[in-house]
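Each remark here refers to the structure printed beneath this line.
The values are calculated or read from the model by the stated rules, or taken from the named source; none is laboratory data. On a predicted model such as this, the values are computed, not experimentally measured, just so you know. Cβ atoms come from the backbone with ideal geometry, glycine included; neighbour counts cover every protein chain shown. Accessible surface areas use protein heavy atoms only, side chains included; no ligands, DNA or RNA. Shrake-Rupley method; radii C 1.70, N 1.55, O 1.52, S 1.80 Å.
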Amino acid sequence: MKVLKPLTNNQVGEQTQTIFSSIKQRVGRVPNLYAAMANSPNLLGGFLVFEATLKQGSFSAKENEAIALAVSQSNDCKYCLSAHSALGKMAGYSAEEIAGIRQGTVTDPKLQALITLATELTYNKGKASPEAIDAFLSVGYTAQSLAELIGFVAIRNITN
């Protein structure tokens, strides 16, 4: 089977080398995911801008990691589960809280509504039950949050 191979700094153009340099400064290396996306500089650049823009939205860093964990668990992506478990700890979750998010059962009603909806959107290919949407909105999230959650689920599905 032919797949996209991760590219090295020597295999990409100047624009992508600049992106790689920025990624290295931020995370210490260029993860294979980004190196594979570099087969299309437009994909890599667009993805990074989309992700960075959403991270400036209505969700906290902890909520972003909860979304990533819920989607990665739904997709059974071991690589992303490992990465987002570590990032979740860095964002302030305990090991027990991370396990709860992955199992889909947490004690905080707002967090529960978030992960339930993220999970439904993932399993149902962008569709969610009216009950999950109502629960999400009833705990204080907004239409803006709903739109951004859809974007985050899309991003995590790409990375998974």
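Some values worked out for this structure:
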| quantity | calculated |
| --- | --- |
| Candidate aspartates and glutamates for bridging to Lys5, where Cα separation is under 20 Å - those fewer than 8 sequence places away on the same chain excluded | Glu14 |
| Share of alpha-carbon pairs per 10 Å distance bin for segment 1-105, given as whole % | 14, 38, 34, 13, 1 |
| Linear extension gain, Gln25 paired with Ser60, 0.36 nm per residue minus alpha-carbon span | 10.3 nm |
| DSSP-loop trypsin sites (Lys or Arg not before Pro) across segment 85-160, with at most 14 other Cβ within 10 angstrom | Lys125, Lys127 |
| Accessible surface of segment 5-160 [probe 1.4 Å, protein heavy atoms]: carbon and sulfur percent | 55 |
| Amide H within-cut-off set for Cys77, under 5 Å, with H built and near neighbours excluded | none |
| Kirkwood-based shape ratio for segment 43-160, expressed as Rg/Rh from alpha carbons | 0.93 |
| Two-site label geometry, Ile158 and Asp76: point separation in nm, points 7 Å out along Cα→Cβ | 2.5 |
| Förster radius 22 Å - calculated FRET efficiency between Thr142 and Thr105 (Cβ-Cβ, nearest 0.05) | 0.35 |
| Average projection area in nm² (convex hull over Cα atoms of segment 77-138, one quarter of hull surface) | 4.5 |
| Residue-averaged 222 nm ellipticity for the chain, from DSSP H runs of 4+ at -39500 (n - 2.57), nearest 500 | -22000 deg cm²/dmol |
| Accessible solvent surface per residue of the chain, calculated while the other protein chains remain in place, 1.4 angstrom probe, Å² | 56 |
| Segment 91-153, dipole about Cα centre (Lys/Arg Cβ +1, Asp/Glu Cβ -1), debye to the nearest 20 | 200 |
